[in-house]
Amino acid sequence: MPETVRPDGARIHYEVRGTGFPVLLIGPGEIPGQCDTERAAFTETADALAGQFQVITVDARHQGSSTGPAEPFCYGRTAADLLAVLDELGVERAHVAASGAGTAQAWRLVQDAPERIASVVAHAPVGLAEGNTLGDFLATFDEPMRLVRAEGIDGVIEEAARGGGFAVRPGAGPYARGLEGSPEFREEVRTLRRERYIVRVVRFRDGVWPQGSAYFSVPEESMAQFPAPLLVLPGDSTLAPAALAKRLAADVPGARLLDGAADTADRRTETLASVVSFLLETTAR
């Protein structure tokens with residue numbers, strides 16, 4: 001799997017499939033609390049698009065095969081990582097298809113580089129809306145803090161060694177992949193000791209789910225000037241409620257909203273066809 005090396009030493013792995021106009025896929029990642037259907041839909045979308053587009057998938061820092069320093073999460077930094085991958089591939093402009101927590105990354109990418117984005121497909125967008133609170137999002141990081149208090153750093157490292165990443169083993173924390181695969185990274189985290197590690201986790205959590213905006217990564221008012229065509233596929237979970245998708249479609253001028261049943265198993269083929277049609281239409285603009 002190819003990779004791009006960032007100035008701070010992070011190694012960002014990516015994969016390219018198919019030919020045609022580029023589509024950058026931003027998956028739900030390994031944040032706990034997201035539905036398995038969101039992850040399955042993302043995989044199906046990647047497979048479906050590869051027949052007509054150049055599909056680019058990227059492992060974010062501390063996810064999949066990508067690595068990085070044990071630092072807090074930062075939307076600006078993840079957007080820069082994604083742009084670095086596009087630069088390495090010589091891609092000047094791309095569609096973005098994002099799912100779950102990946103939609104928050106998509107909003108920041110569009111804000112930081114609007115001229116690079118042809119359109120956005122947002123599947124199960126996460127955010128604050130009727131039926132959830134910021135506490136629901138922050139709670140996705142409770143288990144790594146509980147485990148380190150109970151079993152120390154070595155307990156976290158042992159949990160990470162069992163594999164599966166943060167989503168599968170929440171106690172292993174947001175640095176689970178690095179702890180699992182890199183002896184050097186394990187030693188870096190081990191030197192933090194318990195309380196400093198907890199501080200790192202809290203800062204990482206607050207970077208992913210900051211206060212101040214229903215959309216987390218960008219100001220709410222910025223959506224009124226969203227510069228790209230947008231197709232929204234509603235979610236149906238605590239972190240990705242249908243109410244948030246409806247608000248998003250209302251906030252972004254000209255956004256299209258599929259109905260809430262579009263993500264059911266019996267409608268999946270029809271939904272994928274709608275996504276492909278939208279991307280083909282906006283490619284021509």
TODO: Using a 1.4 Å probe and ignoring any ligands, DNA or RNA, find the accessible area of GLU143 and quote it in Å² to the nearest 10.
DONE: 70
Task: segment 184-285 - charge dipole about Cα centre, Lys and Arg +1 at Cβ, Asp and Glu -1, debye rounded to 20 - done: 480
- [ ] Grab the other residues whose beta carbon is less than 13 angstrom from that of VAL5, score K and R as +1, D and E as -1, and report the net.
- [x] -2
Task: Net charge over other residues, Cβ less than 11 angstrom from the Cβ of ARG162 (K, R count +1; D, E count -1) - done: -2
TODO: Please build a GNM for the chain, connecting alpha carbons under 10 Å apart, and tell me which residue among PRO219, PRO144, PRO174 fluctuates the most.
DONE: PRO219
Task: Cα long-axis angle, helix 102-112 against the chain (0 to 90 degrees, to the nearest 10) - done: 70
Task: Accessible-area order (highest first, 1.4 angstrom probe) of the listed residues ARG93, ARG196 - done: ARG196, ARG93
Task: Dipole magnitude of segment 1-118 about its Cα centre (Cβ charges: Lys, Arg +1; Asp, Glu -1), debye to nearest 20 - done: 120
- [ ] Taking the chain as the reference, fit the longest principal axis to its C-alpha atoms, fit the long axis of helix 36-49 to the helix C-alpha atoms, and give the angle between the two in degrees, 0 to 90, nearest 10.
- [x] 50
Task: In Hz, Karplus ³J(HN,Hα) per residue of segment 242-248 (6.51, -1.76, 1.60; θ = phi - 60°; x = Gly, Pro) - done: 4, 4, 5, 4, 5, 4, 4
Open item on the list: Using 10 Å bins from zero, what percent of all Cα-Cα pairs in the chain falls into each bin?
Closed with: 7, 30, 36, 21, 6, 0
Open item on the list: Please report the net charge: other residues with Cβ closer than 9 Å to the Cβ of TYR14, K and R +1, D and E -1.
Closed with: -4
Open item on the list: Per residue, how large is the accessible surface of the chain? Use a 1.4 angstrom probe and give square angstrom.
Closed with: 41
Open item on the list: Between 0 and 90 degrees, rounded to the nearest ten: what's the tilt of helix 268-283 against the longest Cα principal axis of the chain?
Closed with: 70
Open item on the list: Accessible area of segment 1-138 with a 1.4 Å probe: how many percent of it is carbon plus sulfur?
Closed with: 51
Open item on the list: Suppose the chain between GLN211 and SER277 were pulled fully straight at 0.36 nm per residue; how much longer would it get relative to their current alpha carbon spacing?
Closed with: 20.2 nm
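The values are calculated or read from the model by the stated rules, or taken from the named source; none is laboratory data. This one's a predicted model, so the numbers in the text were calculated from it and none came from an experiment. Ideal geometry is used to build each Cβ from the backbone, glycine not excepted, and the neighbour counts take in all protein chains shown. Just the protein is used for accessible areas: all its heavy atoms, side chains included, with ligands, DNA and RNA removed. Shrake-Rupley method; radii C 1.70, N 1.55, O 1.52, S 1.80 Å.
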